[in-house]
1. Can you name every residue in region 89-108 that is surrounded by 14 or more Cβ atoms within 10 Å (Cβ to Cβ) and touching a residue at least 12 places away in the same chain (Cβ under 8 Å)?
2. Which residues, counting only those in region 63-106, are modelled with pLDDT under 90, among the hydrophobic types (A, V, I, L, M, F, W, C) and under 10 Å from residue 41 (Cβ atoms)?
3. Output the number of residues of region 25-47 satisfying the condition of being surrounded by fewer than 18 Cβ atoms within 10 Å (Cβ to Cβ) and in contact (Cβ under 8 Å) with a residue 40 or more places away in the chain.
4. Those residues that are assigned to a helix (DSSP H, G or I), hydrophobic (A, V, I, L, M, F, W, C) and surrounded by fewer than 16 Cβ atoms within 10 Å (Cβ to Cβ), I need them from region 66-88; list them, please.
5. Going by what's in this entry, would residue 18 be described as within 20 Å of residue 97 (Cβ to Cβ), of a type in the set (S, T, N, Q) and in a helix (DSSP H, G or I)?
6. Name every residue in region 1-19 that is in contact with an Asp or Glu (Cβ under 9 Å, 6 or more places away or on another chain) and surrounded by 15 or more Cβ atoms within 10 Å (Cβ to Cβ), in order of residue number.
7. Can you name the condition, by its number, that residue 42 falls short on among (1) more than 21 Å from residue 72 (Cα to Cα); (2) at pLDDT 95 or above?
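The values are calculated or read from the model by the stated rules, or taken from the named source; none is laboratory data. Predicted model, so just to flag it, every value in this text is computed and none were measured. Methodologically, a virtual Cβ is constructed for each residue, glycine included, from the backbone with ideal geometry; neighbour enumeration extends over all protein chains shown.
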Amino acid sequence: MEEARNWLTKFNGVGPKTAAIVLCFSLGKPAFPVDTHVYRVTGRIGLRPEKMTVEQAHPHLEAVFPPETYYAAHLNLIRLGREICNARKPLCPKCPARKLCDYKDKTK
């Protein structure tokens, strides 16, 4: 798996996120892609340290979630980030994760 990830990231423009997307979605391998939505939501609800870089978030979140849930967790976090947990104006009262989240207190 690591060999495939290393091979993919040798291509110009392919970073950890793109490699994880190819592995997870195209090849069905256990990889957890971290895009801007996943990064934002996981930081707000405490699944990763706030100061963690995106590069550090990939292996960290792979350790947080069981491999068999990577695909669904990734898609659900993206949806939550796009529809409710927006970057500028999050809809905190509508968020299903609001009880886990301290960010809602920062938006008052």
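1. Taking region 89-108 as the starting set, the residues that turn out to be surrounded by 14 or more Cβ atoms within 10 Å (Cβ to Cβ) are 90, 92, 95, 97-98, 101, 103-104.
If the condition is that a residue be surrounded by 14 or more Cβ atoms within 10 Å (Cβ to Cβ) and touching a residue at least 12 places away in the same chain (Cβ under 8 Å), then 90, 92, 95, 97, 101, 103, 104 are the ones that fit.
2. 101
3. Qualifying residue count for the region: 5.
4. Passing the criteria: 72, 75.
5. Details: within 20 Å of residue 97 (Cβ to Cβ): no; of a type in the set (S, T, N, Q): yes; in a helix (DSSP H, G or I): yes.
No.
6. 16, 17
7. (1)
The rows are residues; the columns are (1) among the small types (Gly, Ala, Ser); (2) in a helix (DSSP H, G or I); (3) modelled with pLDDT of 95 or more.
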| position | (1), (2), (3) |
| --- | --- |
| 4 | yes, yes, no |
| 7 | no, yes, no |
| 12 | no, no, yes |
| 22 | no, yes, yes |
| 28 | yes, no, no |
| 34 | no, no, yes |
| 38 | no, yes, yes |
